[in-house]
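Shown next, in structure tokens, is the structure this report addresses.
What follows is calculated from the coordinates using simple rules that are stated; it is not laboratory data. Bear in mind the structure is a predicted one, so any value in this text is a computation, not a measurement. Using ideal geometry, Cβ is built from the backbone for each residue, glycine included, and neighbour counts are taken over all protein chains shown.
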Amino acid sequence: MKKLFWLLPLVITLLTAAGCSSKQQKEPLREYRYVAVVDDLDLFTNRYSTKYEDEETIMAANDSVAYCEAYNNFMISKAVNEMIDNEYTIPRDFQLYDDKGNRVLQNVSDATLLDIEKDVYDMVFRDDPNYQQNEKVVIDSAKIEELKPYFDFSKDDFDPRGITWIQPKSRPSNLRSNHIYCYFMQEGESVKNFRIKIQYYADDWLFINKYQFAIDGNAYEYTPSSPERDHSGGMIWEWSDEAASLKEYDLIMALANGEDARIKYIGNQYHNIRTIPASQLTSIRQTVELYRAMGGKF
């Protein structure tokens with residue numbers, strides 16, 4: 001990809017101005033602290049370590065607007081990092097604190113965050129011929145009818161948008177199993193928020209922070225922003241459940257089309273390698289096919 005370093009200041013300025021502040025009300029502005037979480041490569045050991053840096057101040061009327069602005073900043077850093085192909089300092093996550101020092105967690109919908117992500121990537125990669133975000137939506141009714149029997153369509157009765165979650169019937173009913181699958185949501189006539197969920201179940205902790213994959217002879221890596229964990233009765237389960245960004249496109253396509261796939265759960269000190277069953281690869285392929293048949297795009 002062409003590295004347009006001279007465009008970076010302009011891109012950052014335009015995108016920061018296009019955040020969520022336009023909808024602020026006449027409430028008094030509060031001061032929030034934004035902290036970038038990055039994976040920093042040590043050139044001597046060739047290993048990454050997590051660092052917290054680049055503190056910024058965000059002025060916003062409330063927590064929701066502040067979180068929206070913070071996510072916008074985070075996506076700018078990710079997109080620009082991909083544009084210049086920088087492997088030395090990789091944006092991983094961010095932390096947001098209010099004026100009393102309290103951590104502000106996600107308080108807006110995944111769909112809102114996905115819209116922010118698309119806006120940012122549209123701006124950063126608008127001149128890249130390999131990035132096609134706004135192709136004409138095509139619905140494949142025959143494919144939808146073919147795949148429908150393999151999925152549950154569950155309307156969220158508590159969501160005012162009237163969204164429906166579309167998930168494979170083969171998914172586990174709880175977190176107590178090793179599994180990987182994808183799912184997405186439908187809002188009105190459109191589908192969005194394509195997600196990847198990875199579960200790890202064992203008798204000892206790994207404290208997973210990323211996953212590596214070996215698929216048909218090719219290697220991939222995926223670092224979730226907020227892995228979770230729990231335990232009971234001598235067993236533990238760790239999982240991640242996040243919207244897939246453009247960065248995960250190659251991984252998802254490899255899983256969808258893969259025949260021989262293994263996953264390596266990377267923890268703080270230890271790891272575990274498991275083979276991904278063919279049935280789970282088939283489920284991912286069917287989910288991608290249904291998402292596309294219903295007009296969805298990465």
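A few notes on this one:
- Sites excluded, GluC sites (Glu not before Pro) in DSSP loops with at most 16 other C-beta within 10 Å, longest stretch of the chain: 1-86
- Normalised size of the range 187-244, defined as Cα radius of gyration per 2.2 N^0.38 Å with N residues, equals 1.41.
- Where chymotrypsin sites (Phe, Trp or Tyr not before Pro) fall in DSSP loop in the range 36-104, at most 11 other Cβ within 10 Å: Phe44
- When the convex hull of its Cα atoms is projected in every direction, mean area for the chain (nm²): 18.1
- Average Cα contact separation per residue, the chain, under 8 Å, 6 or more apart, as relative contact order %: 14
- Here the range 244-273 and the range 31-56 have alpha carbon centers that stand 23 Å from each other.
- Highest-MSF residue in the chain out of Gln199, Gln95, Gln269 [GNM, Cα springs under 10 Å]: Gln269
- Over the residues of the chain, the helix contribution to mean residue ellipticity at 222 nm works out to -8500 deg cm²/dmol, using -39500 (n - 2.57) for each DSSP H run of at least 4.
- Given Lys143/Lys297; Lys192/Lys247; Lys118/Lys148; Lys118/Lys197; Lys78/Lys264; Lys197/Lys247, the pairs whose alpha carbons are separated by over 18 Å: Lys118/Lys148; Lys118/Lys197; Lys78/Lys264
- Of Lys100, Lys169, Lys197, the one that fluctuates the most in a GNM where the chain has Cα springs shorter than 10 Å: Lys100
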